[in-house]
Amino acid sequence: MNKTKIVATIGPASCSEDMLSKFVDGGVDVVRFNMSHGKYDQHQNTYNTLKKITQQRGVHVATLADLCGPKVRTGDIQKEHSQINEGEICTIVRETVSGTSRIFSTNYPDLIDDVQVGHRVLIDDGQIRLAVSEKSKDSLVCRCEIGGSLSSHKGINVPDSHLSLSTLSDKDREDLQWAIENNFDYVALSFVRHVDDIQLLRIAIKKANGNVPIVAKIETPQAIQSLDEIIKTSDAVLVARGDLGVEMDVWRIPMLQKDMIRRCRRYGKPVIVATQMLHSMVESATPTRAEVSDVANAVLDGADAVMLSAESAVGKYPVQAVNMLGRITEQALQDHDALHDRRTDIVDKRMQVGRDTDITAAAVARSAALVAHDLQAKLIVVWCRSGQTARWLSKYRCRQTIVTLSSNEAVCRRMALSYGIEPMLIESTFEDARSPWEMLEQGIINMQDLQLGDIYVVVGDPAARHRASTLSIHVVGQ
């Protein structure tokens with residue numbers, strides 16, 4: 001088992017049954033649906049196919065619906081008239097038009113009001129840079145400073161401007177409703193600016209009769225200023241380095257990434273590192289050495305998961321990218337362990353995950369990590385209802401695999417995002433479990449290849465009212 005999880009974005013290059021099967025077999029733990037692209041019938045076919053594959057294989061793969069959020073994008077652009085060169089003039093208009101490199105519109109007509117003369121307009125993660133030279137009631141005249149090929153629905157950043165975009169658009173609400181109806185395991189909100197954005201989405205989820213966890217995407221300077229509150233309010237965090245590196249000085253991103261991962265671990269929240277992890281594999285069968293180092297460093301920083309975007313969605317080598325990501329993450333941990341140089345927070349008194357939420361469950365989780373470490377246990381088993389204690393336990397980065405037992409399939413899928421957790425669905429409910437320890441001996445021990453005399457630690461009791469209130473030590477055969 002690879003303890004660092006793999007998130008793969010689905011797109012035209014990977015939505016077929018054959019490609020999805022290869023993704024699942026290659027170790028993809030979470031499949032991301034980018035709601036900025038594609039239509040519902042396409043997403044539905046992909047979702048149904050993925051569900052069929054995972055059921056056939058008996059594995060738990062989580063699904064993530066990534067909402068557009070308050071994101072400005074280009075409108076439709078004619079491919080044959082898309083090239084814009086340095087020094088050329090183009091116009092951004094309020095009215096929707098069939099766009100070219102000379103004139104195009106956006107999904108946010110009020111952009112014309114929010115942007116002023118002299119402000120920068122960055123397109124496609126800053127690949128194209130424009131500067132506003134003139135402004136009228138319904139248009140912005142721009143001079144191209146860095147040229148390239150314009151594409152439809154590419155992201156636009158205006159780091160000098162303050163946008164009055166609402167947190168959730170009508171499309172976001174429609175996408176959210178679709179995701180809830182299809183029992184998605186996570187929804188991600190793009191361009192979170194402050195904690196109110198998360199709370200607004202949670203209200204929308206409740207109104208849609210849903211109970212889906214929220215992934216906050218950190219990609220704005222405002223989010224950095226309110227980072228602790230956003231992490232505490234969300235259920236998971238995604239370090240979205242692409243837009244963050246456009247909105248802020250790009251040389252700040254490495255240390256911001258490390259800081260966000262550290263804070264997420266302190267608060268017991270899963271954290272995903274994303275954007276251009278293996279970007280050269282969109283066109284090449286092998287990554288650059290710098291990309292390999294980038295992925296490995298994200299693992300060593302303590303990320304729960306690393307994510308593929310264009311590499312798996314539209315790239316030429318999606319399966320190879322998944323396999324490469326798996327090999328890099330696994331090797332990074334193996335080599336670090338072999339050198340006995342791996343930092344562990346188990347004995348760090350400052351690392352007390354979850355104490356602000358449930359001091360008893362948090363204490364049991366930390367104690368389980370310490371006991372497993374001291375006894376050199378082979379395995380940690382957690383009986384789960386919601387999976388919260390198991391997620392807290394994963395933050396201690398135990399050397400042991402954490403096997404979670406739950407009768408709830410959705411809980412199993414959601415735990416697929418957290419580092420070092422291997423979810424296992426059990427048929428009987430906790431209350432009906434007549435012989436839980438016999439179930440452990442027959443199922444978990446065989447699956448994990450434990451031997452006579454091996455020690456494993458168990459958190460919780462299937463018959464107890466509160467699952468994390470007990471901690472026990474077991475020896476195979478005794």
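The values are calculated or read from the model by the stated rules, or taken from the named source; none is laboratory data. Keep in mind the model is a prediction, meaning the values are calculated, not measured. A quick note on method: Cβ atoms are made from the backbone with ideal geometry, for glycine too, and the neighbour counts reach across all protein chains shown. Areas reflect the complete protein model, heavy atoms only, side chains present, ligands, DNA and RNA absent. Shrake-Rupley method; radii C 1.70, N 1.55, O 1.52, S 1.80 Å.
Taking all protein chains as shown and a probe of 1.4 angstrom, V271 keeps an accessible surface of around 0 Å². Sequentially through the range 318-326, phi angles give Karplus couplings (6.51, -1.76, 1.60; θ = phi - 60°) of x, 5, 4, 5, 4, 5, 5, 4, x Hz, Gly and Pro residues having no value and appearing as x.
Each Lys and Arg contributes +1 and each Asp and Glu -1, all at the Cβ; summed about the Cα centre of the range 218-300, the dipole is approximately 440 debye.
Rounded to the nearest 500 deg cm²/dmol, what is the calculated helix-only ellipticity per residue at 222 nm for the chain, with -39500 (n - 2.57) per DSSP H run of length n ≥ 4?
Estimated from H runs of four or more residues: -10000 deg cm²/dmol.
Computed from backbone phi with θ = phi - 60° and the Karplus coefficients 6.51, -1.76 and 1.60, the 3J(HN,Hα) list for the range 364-371 is 5, 4, 5, 4, 4, 5, 5, 4 Hz; x is used for glycine and proline. Look at the alpha carbon pairs under 8 Å that are at least 6 residues apart: their mean separation over the length of the range 78-177 gives a relative contact order of 30 percent. Distances between placed amide hydrogens fall under 5 Å for T404 paired with V382, E422, M424, all partners being 5 or more residues away or on another chain.
Normalised by the residues of the chain, what does the relative contact order come to in percent, with Cα pairs under 8 Å and at least six apart? Dividing the mean separation by the residue count of the chain yields 14 percent. Checking the Cα-Cα distances for K22/K171; K39/K79; K3/K51; K39/K71; K39/K316 against a 28 Å cut-off, the pairs over it are K22/K171.
Here is the P(r) of the range 81-222: all C-alpha pair distances, binned every 5 Å from 0, give 2, 9, 17, 19, 15, 13, 11, 8, 5, 1, 0 in whole percents. Each 10 Å bin from 0 upward holds the following percent of the Cα-Cα pairs of the range 194-249: 24, 49, 23, 4, 0. Extending 7 Å from the Cα toward the beta-carbon at both E283 and L452 defines two label points whose distance is 6.1 nm. Here the simple spin-label model places points 7 Å from the Cα toward Cβ, and for E80 and R262 these points are separated by 5.6 nm. Remark: the range 167-184, residue by residue, has Karplus-estimated 3J(HN,Hα) of 5, 10, 7, 4, 5, 4, 5, 5, 5, 4, 4, 4, 5, 5, 4, 9, 6, 5 Hz, where x stands for each Gly or Pro and the curve is 6.51 cos²θ - 1.76 cosθ + 1.60 at θ = phi - 60°.
One entry in (i) 26.3, 79; (ii) 23.5, 81; (iii) 22.1, 74 is Rg and Dmax of the Cα atoms in Å calculated from the shown coordinates; its label is (ii).
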